[in-house]
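Since every read-out is calculated from the coordinates, none of them should be taken as a lab result. In this text, all values refer to a predicted model and were calculated from it rather than measured experimentally. Because the Cβ atoms are built from the backbone with ideal geometry, glycine has one as well, and the counts that use them run over all protein chains shown.
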Protein chains: 2
Amino acid sequence: DALTQGQFDTVYNFLSLVIAAQLFTAIFLILALQRVLPRYRQALIIAAVVCGIAAYHYFRIFDSFKEAFVTEAVGGRGEYVQAAGASFNEGYRYVDWLLTVPLLLVELIAVLALAKAVQSALLWKLIPAATLMIVLGYPGEISTDDGTRLLWGVLSTIPFLYILYVLFVELTKSLDRQPPGVRNLISQLRILLLISWLVYPVAYALPLLGISGPDAWVLKQAGYSLADIAAKAVYGLIIYRLAKLKSYADD
Amino acid sequence: DALTQGQFDTVYNFLSLVIAAQLFTAIFLILALQRVLPRYRQALIIAAVVCGIAAYHYFRIFDSFKEAFVTEAVGGRGEYVQAAGASFNEGYRYVDWLLTVPLLLVELIAVLALAKAVQSALLWKLIPAATLMIVLGYPGEISTDDGTRLLWGVLSTIPFLYILYVLFVELTKSLDRQPPGVRNLISQLRILLLISWLVYPVAYALPLLGISGPDAWVLKQAGYSLADIAAKAVYGLIIYRLAKLKSYADD
Ligand SMILES: CC1=C(/C=C/C(C)=C/C=C/C(C)=C/C=O)C(C)(C)CCC1
Ligand SMILES: CC1=C(/C=C/C(C)=C/C=C/C(C)=C/C=O)C(C)(C)CCC1
């Protein structure tokens, strides 16, 4: 598939936006570490590491994109076609998720500072489910066959729904002892999580709905980029606010 | 030997996964340094350095891989053949092990905070044995002759077994005075060490068992990648947990 200059530039700029957002959110969180009580720092360190991992992968995705789509047009004002000998590697996203999705869940549980036993019970459910969700989604993502895509997509949705169940039903029971302002912020955080995480399965399902071609592809890259900023950087900043609120409340 | 796009992408994604895992585990451990008592920081610093050394070598291995296997196919959707004038350098792994394997053992002994005399007695056994194991394995690794491979493999296995003996028999005697939760975690750590370290001699022995060809090679790269993540990053994170547990216990 070929891209117009406008489409190429759009993807290019979105990818660069994500690099900047993730890298500097990571740096911000590291610099802000001392502003919260020690018991909340673990959550912020993980948030910073998540944004750092995302920045690393977006550097790679950006380079992969620039190698995979090339033009001969003067001033780059022409069609961008797929290069010989280079592919745009969609696998980076799954490698990224494999590391960051479990960490995003650890980060959420860590900032709540629940009792140790409750924490590890929740994580023993969430982390295996998250890993399973991603590993099951990958074979469908790289397949060109719609039936295969549908099958693995459905399998991957099972642990996804389970994660949402744990976060929205089981976790709710543990929130009674959180101060009211904190409870409010946790609600917002979970809504952000829900909305941004839904982008991924929807993007995955686009080819099944017959939506394809360069426009759809550009839209998917833009959607992933914005979802990644929401699910990691904005999410990390809300975790920071939560940690600050709880630091005041505990003091 | 030629690789399909699927095989090429699999190795590519595994190598990138290891880079991300090692690099950000190193950063995490550095950021988490203040969370443990000063006497346990030495172990965490070494753990961070080990992951950093591994990240460095995997950057190199990744580049070496990308130079050694090339395709002419548009969009990279074709066969990847070995390039003229570039080799995939397996030697990086041995250079990496020469530095990291002794450090992994130092890290383990350091976090236990045993009596100084016991520490240095153990390390005087473990470090020379580890160095010998790697140096003896290398001539077999680069040889194309099965007899040579077998000979050096057997020689290298002697110090390997000695290391396991020291860790599982001699070290056990020094663990009585560790708090119970710590003892539990040390057991898990040694099991992780045993399983992940066994991957290396098994991979070394594959050609002797007649297992070769592209599929076997891809499997070996995937196996090394996962073993390296387990033996350095996950291991380092368990060392961190140990250090935290012991910090609480001492407090
Ligand atoms: C349900 C489902 C999926 C869910 C993916 C999710 C929920 C990814 C979340 C990623 C995040 C949060 C990234 C980091 O910010 C897949 C794998 C696309 C496969 C199809 C079914
Ligand atoms: C016994 C044996 C070997 C053992 C290698 C080991 C045990 C390597 C461990 C590496 C680690 C732990 C790397 C860092 O994470 C060799 C040299 C393959 C040669 C064949 C015999």
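How big is Rg to Rh over the range A:156-215, alpha-carbon atoms, Rh as the Kirkwood inverse-mean-distance radius?
Rounded to two decimals, Rg over Rh is 1.16.
Normalise the Cα radius of gyration of the range B:105-251 by 2.2 N^0.38 Å (N = residues in it) and let me know the number.
Taking the Cα Rg and dividing by 2.2 N^0.38 Å, one obtains 1.19.
Which residue, B:Leu126, B:Leu185, B:Leu112, tops the fluctuation ranking in a GNM of chain B built on C-alpha contacts under 10 Å?
Answer for the Gaussian network model of chain B: B:Leu185.
Output the 0 to 90 degree angle, nearest 10, between the alpha-carbon long axis of helix B:41-68 and the longest principal axis computed from the alpha carbons of chain B.
0
Assume the label is 7 Å from Cα along Cα to beta carbon: what separations in nm does A:Leu37 have to the matching positions in the other copies?
2.2
Using only the alpha-carbon atoms, what does the protein assembly as shown span along each of its principal axes? Please give whole angstrom values in decreasing order.
70, 67, 41 Å, listed from the longest principal axis down.
Per residue of A:39-47, what is the mean number of Cβ atoms on other protein chains within 10 angstrom of that residue's Cβ?
Per residue, the average neighbour count from other chains is 2.
How many nanometers, to one decimal and shortest first, lie between the label point of B:Lys173 and those of its other copies, if labels sit 7 Å from Cα toward Cβ?
Those label-point separations list as 5.0 nm.
Classify the range B:25-73 as rounded, prolate or oblate from the Cα gyration tensor: take a ≥ b ≥ c as the square roots of its eigenvalues, call it rounded if a/c is under 1.5, otherwise prolate when a/b beats b/c and oblate if not.
Because a/c hits 1.5 or more and a/b exceeds b/c, the range B:25-73 counts as prolate.
What Kirkwood hydrodynamic radius, in Å, does the range B:46-166 give when the mean of 1/r is taken over all pairs of distinct Cα atoms and then inverted?
Across the range B:46-166, the inverse of the average 1/r is 16.8 Å.
Go ahead and estimate [θ] at 222 nm for chain A from helices alone: -39,500 (n - 2.57) per DSSP H run with n ≥ 4, summed, over the residue count, rounded to 500.
When only DSSP H runs of four or more count, the value is -26000 deg cm²/dmol.
With the label 7 angstrom out along Cα to Cβ, how close does A:Ala73 come to the same site in each of the other copies, in nm, nearest first?
2.8
Write out the trypsin sites (Lys or Arg not before Pro) in the range A:58-127 meeting two conditions: DSSP loop, and at most 14 other Cβ atoms within 10 Å of their Cβ.
Within the range A:58-127, the qualifying trypsin sites (Lys or Arg not before Pro) (loop, at most 14 other Cβ atoms within 10 Å) are A:Arg77.
Take peptide B:74-86, look around each residue's Cβ out to 10 angstrom, count Cβ atoms belonging to other protein chains, and average those counts. Numbers along the way, then the final one.
Values: counts 8, 11, 11, 2, 3, 0, 1, 0, 0, 0, 0, 0, 0.
That works out to 3 on average.
Take every residue in peptide B:16-28, count the Cβ atoms of other chains within 10 Å of its Cβ, and give the average of those counts. Walk me through the numbers on the way to the answer.
Working: counts 8, 7, 1, 3, 12, 4, 0, 4, 10, 2, 0, 7, 7.
Counting other chains' Cβ atoms within 10 Å and averaging over B:16-28 gives 5.
So if I take the centroid of the Cα atoms in the range A:88-154 and the same for the range B:119-193, what is the distance between those two points in Å?
So the separation of the two Cα centres works out to 34 Å.
How many percent of all Cα-Cα pairs in chain A sit more than 30 Å apart?
For chain A, the fraction of Cα-Cα distances above 30 Å is 32 percent.
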